[in-house]
1. Could you tell me which of ALA62, MET140, VAL104 has its Cα farthest along the dipole of the chain towards the positive end, charges placed at Cβ (Lys, Arg +1; Asp, Glu -1), taken about the Cα centre?
2. In degrees from 0 to 90, rounded to the nearest 10, what is the angle of the helix 95-105 Cα long axis to the longest principal axis of the chain?
3. With unit charges on the beta carbons (Lys and Arg positive, Asp and Glu negative) and the dipole taken about the Cα centre of the chain, which residue among LEU114, HIS149, MET88 sits farthest to the positive side?
4. With N set to the residue count of the stretch 17-165, report its C-alpha Rg divided by 2.2 N^0.38 Å to two decimal places.
5. Roughly how big is the chain's charge dipole about its Cα centre, with Cβ charges of +1 (Lys, Arg) and -1 (Asp, Glu), in debye to the nearest 20?
6. Is it possible to state the helix-based mean residue ellipticity at 222 nm for the chain, with each DSSP H run of 4+ residues giving -39500 (n - 2.57), the sum divided by total residues, to the nearest 500 deg cm²/dmol? What is it?
7. How high is the relative contact order of the stretch 112-184? Use alpha-carbon pairs under 8 Å, at least six apart in sequence, and give a whole percent.
8. Counting pairs of alpha carbon atoms under 8 Å apart in space and at least six apart in sequence, what relative contact order in percent does the stretch 45-152 give?
Amino acid sequence: MPEIQKQNISTYLRMDLRAEILKENSKENAELIAAWIGEEPSRMQQFMHIFLHDEYRVVQLAAHVLGKIDDKHPELIEQHIDDLVKRMTDKAVHVAVKRNVVRVLQNIPIPERLHGDVMNICFDLLADIKETVAVRVFSMTILDNLSRHYPEIRQELKVILEDQLEQGCTAGFRSRASKILKGK
């Protein structure tokens, strides 16, 4: 780790996490906060409390940090997967929260006890053409991953993807959908 980054992280040792989240909406700030959380479960617990229970703007900014934590320490995310899935059932959840939670869920093992809930959430997100492309693409990846355990959902996934491909969609959506439909 470069010396300058070590110095920045050391200044965060006594941070007011909420204040730091609100300080600046940038990749650098999200990375510094994630680095401060590091592998510390108590810091992750503090972060998750903010992410799950704070006001709209704070949660929106914390969502970026969640993605950075997942990049470095996915094992910390796995410990909070139940809470993340539960958060996704909130209809008023900010798109940044949805985007980062489904981004995280596509890369970590989802416990079997949550498969049904996650499938329902992801099918709803994928089928909603008003949802952002990123959320829909991550949702289709999660569903594709889960279809390895539940091959019976492949047909429903196929129907939704083909329908959306006919309606027109972005190149990124088309690319991912085509790969999933081809079974790759």
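Values quoted throughout were computed directly from the atomic coordinates according to the rules given, and no laboratory measurement underlies them. Treat the numbers as computed from the prediction; the structure is a model and nothing was measured. Note that each Cβ is placed from the backbone with ideal geometry, even for glycine, and that neighbours are counted across all protein chains shown.
1. MET140
2. Once rounded, one gets 80 degrees.
3. Comparing the listed Cα positions along the dipole, HIS149 ranks first.
4. Working: Rg = 15.5 Å, N = 149, 2.2 N^0.38 = 14.7 Å.
Against the compact-globule rule of thumb, the ratio is 1.05.
5. Its charge dipole is roughly 460 debye.
6. Values: 12 runs with 133 residues, N = 184.
Here the helix-only value at 222 nm equals -22000 deg cm²/dmol.
7. Working: 47 pairs, mean separation 21.3, N = 73.
Relative contact order, the stretch 112-184: 29 percent.
8. Working: 91 pairs, mean separation 24.9, N = 108.
Value for the stretch 45-152: 23 percent.
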